[in-house]
Every structure is written in structure tokens, then in C-alpha cells.
Amino acid sequence: MKNILKFSGIITALMLVTSIAVSAQPGQGRGPHGGHGHWRSDSCRVQLMVDDLAKELSLSDKQRKEIEEIHYAHISEVQKLHKEYESKNDCVGERNAHIQLKEKMDAEVKKVLDKEQQTLYDEFMKERRGPHDKHCGPGK
């Protein structure tokens, strides 16, 4: 009887450890596309961002199209950046390059907007990027 209880305890412990290990695998419970932090595809994220901007800034169809193109170009530049820094051990350099790309994209988007929309854009992005963004600027 003692052997059966020991065996049952061991099996239960193994099942528990296995279930914990399986549930801790990357991509589990992280949205429809799986993976750590990747809830949506790039094109889906662009569409959602442009949809939100269109609502908040009352974008014309022309502005919407131009901003969409800017965002797709930005994604392409970020992908190139990742490849460039993949083999380097330069986190600070990559972070600074990301900041420059973000600032470049913001400047390009603002060129498409009128003065009122630019102000609304700044407010929208400050809210969207959250308090973390304050600490990620150049020289901070």
C-alpha cells in the first residue's frame, strides 16, 4: 500500500511539473499569433494605428494613405535595424537607433498633418506611448 501511495505521489508530481513546463512555453496565452509580445502582425498593427489616428485626428483619405505608407516604411527600417544589430552586442546603440527611427517617423507623419492635427498627434502619441517614453529619449 505504501508503494502505491509513493508511486501515485511521484506520478502526480511529474504531471504537475510537466503541466507547469508546458504552460510556460513561449507563445502560450499571448494572443492569437503567439510569441512573446507579438499579438498582431505588422500589417494588422499598422491598420489599427492608422484607424486610431484617422478617428482621433479626422484624417482625410489622402492623409490616411500617406501615414499608412510612412508606417510600413518604418516597419521595414526597424527590421533592417534588427538585422544590423543582431550580431552586435550594442544594446545602447540599437536603442538609440530605434529612438532616431521613431523621431524620423513622427516628423514624417507631422508633415502630412495641419497644425491642429499635429498638436492632437503629439497628445495622442504621448498617451499611446505612455510614461515609459519619457525615459527613453536621447541622453536619458
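The values are calculated or read from the model by the stated rules, or taken from the named source; none is laboratory data. These numbers were taken from a predicted model, which means no experiment stands behind them. Because the Cβ atoms are built from the backbone with ideal geometry, glycine has one as well, and the counts that use them run over all protein chains shown.
Within the set of pairs 6+ apart or on separate chains, which have a first residue in segment 105-125 that is not assigned by TED's automatic domain parsing to the domain that holds residue 66, a second that is surrounded by 12 or more Cβ atoms within 10 Å (Cβ to Cβ) and among the charged types (D, E, K, R), and C-beta atoms under 7 Å apart?
Every condition considered, no pair remains.
Yes/no matrix, rows are residues, columns are (1) at pLDDT 60 or above; (2) in a helix (DSSP H, G or I); (3) hydrophobic (A, V, I, L, M, F, W, C):
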site	(1), (2), (3)
12	yes, yes, no
21	no, yes, yes
49	yes, yes, yes
59	yes, no, yes
68	yes, yes, no
71	yes, yes, no
82	yes, yes, no
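Please go through segment 77-99 and pick out each residue that is of a type outside the set (D, E, K, R) and touching a residue at least 24 places away in the same chain (Cβ under 8 Å). Full working, then the answer.
First, pick out the residues of segment 77-99 that are of a type outside the set (D, E, K, R): 78-79, 81-82, 85, 87, 89, 91-93, 96-99.
Hits for segment 77-99 are 96, 99.
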